[in-house]
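Chemist: One structure coming up, written as structure tokens, with questions to follow.
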Amino acid sequence: MHAALLMGLVALAGAPSPAATAVAALATPPALPSGDVDESGRGAIRDLDTVMVTGVQPGPGMWKVSRGDHEMWVLGVVSPLPDAMTWQSAEVEAVVARAGQILQSPMWVVDSDVGIFKGLSLLPAALRARRNPDGAELEDVLPPALHARWQVQKDKYLGWEFGIERWRPMFAAEKLERKAMERLGLDSNVVAPVINAAAARAGLKPTPIQVRTSIDAPRELLKEFNRASLDDTACLERTVAVLEHELPKLAARANAWAIGDLETLRRLPYDSLEWSCLESVLQSDIGRRLGYDDLPMQIERAWLEAAEKALAEHAVTLALLPMEQVLAADGYLAKLQGQGYVVHGPEAPQASDAAPVTGTE
């Protein structure tokens, strides 16, 4: 996932104009677990069977944000989710049918105004951007103990794939994570198709909430990225640590969303693999120069402004929001509550007939 996101920074070409990349709202960067390492430097791997729920599942309830007689129903989204589940989304679809607007999860979008033929001419440079500078391999850029742990996970999920040893740590981490999630039966594209289909039936087009950055000279930026040294070791280390020690928690979190178990979601801290990988770019000289270092605040402002506008203009709105921003004491819903909006969680009984919600957060 993060390689596709990060390539937006350098306006990965080879697609019709505009080329775009999106990043969901960023969470506070998590603490990196130390992990157990044996004398060889390899992580103490436990082969744990992660059992994912299947069949029709209800998903979580929604939060209600209101002011006067206008209301916004907020669905907290978790990714990845079990790919063998079918989301029973009747409650959300009922809101969509009455909504005047659907707000997508907030995103960072990088555009490059490059046509298809010109974009294809940049593809070799873009592909080089995922490689370590000066032909270095992961063995050369990673601490020995971390490289040994990487080899264990690589052998487990990627097999005999030697070319990846020349990739930058963040791109190697992305492919490792993607293959591992496929093996575990987890998918990042469970909610969006259902929402899009319901929106189409209602004659609505979901509204993107985007912080947009335009790259005017992608060729020059790609060359700079090819030469740049990025401290992205933390990205690969975080990914390896998750696969070593946190797969049960990742599976439990996905299952909890599927069955609507909010208590479990509250107990499980949100661990953003994307953050470790994005941070190395956002805090680099390139990222700071392009104004990416305050990206989380830009995304927060964009969502809050869009939410307030929707509440003012529509009697009913549906909004998608990363679950960590729904549950956090200082998250986006808490910010709305601090501005005078009334916020009810899925457990509070409501007088409204808009949707069956039950509970107060």
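Chemist: Is it the case that Trp275 is modelled with pLDDT under 60 and under 17 Å from the mean Cα position of the chain (by Cα)?
Modeler: It is true that Trp275 is modelled with pLDDT under 60 and under 17 Å from the mean Cα position of the chain (by Cα).
Chemist: Still on this model: If I filter the range 345-361 down to residues being farther than 22 Å from Pro106 by Cβ and modelled with pLDDT of 50 or more, which single residue comes out as surrounded by the most Cβ atoms within 10 Å (Cβ to Cβ)?
Modeler: Ala348
Chemist: Just the residues that are modelled with pLDDT of 95 or more, outside any strand (DSSP E or B) and not small (Gly, Ala, Ser), please, taken from the range 307-325.
Modeler: Glu308, Lys309, Leu311, Glu313, His314
Chemist: So is Ala197 part of a helix (DSSP H, G or I) and either among the charged types (D, E, K, R) or more than 30 Å from Glu91 (Cβ to Cβ) (or both) or not?
Modeler: Here the answer is no, as Ala197 does not meet what is asked.
Chemist: Now for a different question. Please list, ordered by first then second residue, the pairs with beta carbon atoms under 6 Å, 6 or more apart or interchain, first in the range 246-270 and more than 14 Å from Val326 (Cβ to Cβ), second part of a helix (DSSP H, G or I).
Modeler: These pairs meet every condition: Thr264/Ala256.
Chemist: Residues to consider are Val114, Val110, Val53; find the one that is modelled with pLDDT under 80, surrounded by 14 or more Cβ atoms within 10 Å (Cβ to Cβ) and assigned to a loop (DSSP other than H, G, I, E, B).
Modeler: Checking each option against the conditions leaves just Val114.
Chemist: Also, I was wondering about something else. So how many residues does the range 140-165 have that are more than 14 Å from Asp232 (Cα to Cα), at pLDDT 85 or above and surrounded by fewer than 21 Cβ atoms within 10 Å (Cβ to Cβ)?
Modeler: Residues meeting the conditions: 13.
Chemist: Restricting to the range 204-241, name every residue that is assigned to a helix (DSSP H, G or I), modelled with pLDDT of 80 or more and not aliphatic (A, V, I, L, M).
Modeler: Scanning the range 204-241 gives Thr233, Cys235, Glu237, Arg238, Thr239.
Chemist: Could you list, in sequence order, the residues of the range 67-101 that are surrounded by fewer than 22 Cβ atoms within 10 Å (Cβ to Cβ), under 27 Å from Met297 (Cα atoms), modelled with pLDDT of 95 or more and within 24 Å of the chain's Cα centre (by Cα)?
Modeler: Correct list: Gln101 only.
Chemist: Kindly provide the set of residues from the range 131-181 that are assigned to a loop (DSSP other than H, G, I, E, B), without any contact (Cβ under 8 Å) to a residue 12 or more places away in the chain and not hydrophobic (A, V, I, L, M, F, W, C), ordered by number.
Modeler: Across the range 131-181, the qualifying residues are Gly159, Glu161.
Chemist: Continuing with the same structure: Please enumerate the residues belonging to the range 242-271 that are modelled with pLDDT under 85 and buried (at least 21 other Cβ atoms within 10 Å of the Cβ).
Modeler: Matches in the range 242-271: Asp271 only.
Chemist: List every residue pair whose Cβ atoms lie under 7 Å apart, where the two residues are 6 or more positions apart in sequence or sit on different chains, the first residue falls within the range 53-66 and is touching a residue at least 24 places away in the same chain (Cβ under 8 Å) and farther than 22 Å from Ala84 by Cα, and the second residue, located anywhere, is hydroxyl-bearing (Ser, Thr, Tyr) and part of a loop (DSSP other than H, G, I, E, B).
Modeler: Taking only residues 6 or more apart or on different chains, the pairs are Val65/Tyr341; Ser66/Tyr341.
The values are calculated or read from the model by the stated rules, or taken from the named source; none is laboratory data. These figures come from a predicted structure and were not determined experimentally. Cβ sites come from the backbone with ideal geometry, for glycine too, and all protein chains shown count toward neighbours.
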